[in-house]
1. Restricting to helices (runs of 4 or more DSSP H) lying wholly in region 119-228: which have 2 or more residues that are farther than 20 Å from ARG73 by Cβ?
2. In region 209-228, how many residues are open to solvent by less than 90 Å² (accessible area, probe 1.4 Å) and either at pLDDT 85 or above or touching a Leu at 6+ places or on another chain (Cβ under 7 Å) (or both)?
3. Pairs needed: first member in region 172-187, closer than 15 Å to GLU204 by Cα; second member anywhere, part of a loop (DSSP other than H, G, I, E, B); C-beta distance under 6 Å; at least 6 residues apart or different chains.
Amino acid sequence: IKRTFDLSNDTKARVIAAATRLFAEKGMEKVVLRELTSAAGVNLAAVNYHFGSKEALCEAVLDSLSERVNARRLAHLRQVLDEARRAGQRPALRAVLDTFIAPYLDADEAGEGAVLVQLLIKDRVSPSEMTARIIRKHFDPLAREYIAAFALACPDVSPDDFYWRYAFTYCAVILTASDRSKTNRISTMSMGRFDGADRVARREALLDYLVAAIGAPSRTPPPGLARR
């Protein structure tokens, strides 16, 4: 059964805000309802009344967060596309990708990004009807918008390749964003020469990688290109 939540209610909004913050700090699985009610300044009965269960609360948090973050991300993407169109140019792939990774790597959006990373990894590792609903509603339309933007930025790449490349991009970004510990893999592998917790270095390195991967020539040229 699909639930809908009216977040105009002050109690619901306070619970959603507190849950988002705690999920970002500790992880969805580790937050208990008593801790959440204390942070939101409500009692357990109020949470049960408005949401019914912790799973339903998690869905409300993820639904609200996904809608808000992806709307902001798509607004930035469309701004990049509009500016390129007005200049009579193709959009820069790096600028397109920067709007995609921003929720996960920007310092200002770190809390929200951390919760989205949990959702997306959970959907890969232990998918459920709840995660499938969120992905289908908020992330499948997002994927189509970015695949179309990649095609605008990279006309010499076969359009069919962008479905694979988007999927690989998605995985690379999520796993990179999830490695936030002091003993991150980059630091370990480089024996301390580089630090994956360095936001600027991590973002630029990831963009370098993704631009090269998405813009790489196709094995099969797109229609019309081979005849040039």
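1. Counting at least 2 such residues, we get 129-134, 161-178, 185-189, 199-215.
2. Of the residues in region 209-228, 8 are open to solvent by less than 90 Å² (accessible area, probe 1.4 Å) and either at pLDDT 85 or above or touching a Leu at 6+ places or on another chain (Cβ under 7 Å) (or both).
3. From residues that are closer than 15 Å to GLU204 by Cα, the pairs are ILE186/PHE194; ILE186/GLY196.
Residue-wise test of (1) closer than 22 Å to VAL80 by Cα; (2) surrounded by 14 or more Cβ atoms within 10 Å (Cβ to Cβ).
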residue: VAL117; (1), (2): no, yes
residue: ALA132; (1), (2): no, no
residue: ARG165; (1), (2): yes, yes
residue: LEU175; (1), (2): no, yes
residue: GLY192; (1), (2): no, no
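The values are calculated or read from the model by the stated rules, or taken from the named source; none is laboratory data. Keep in mind that what you see is a predicted model, and the values were worked out from it rather than measured. Positions of Cβ are backbone-derived with ideal geometry, glycine not excepted, and every protein chain shown enters the neighbour counts. Side chains are part of the model used for accessible areas, which takes the heavy atoms of the whole protein and leaves out ligands, DNA and RNA. Shrake-Rupley method; radii C 1.70, N 1.55, O 1.52, S 1.80 Å.
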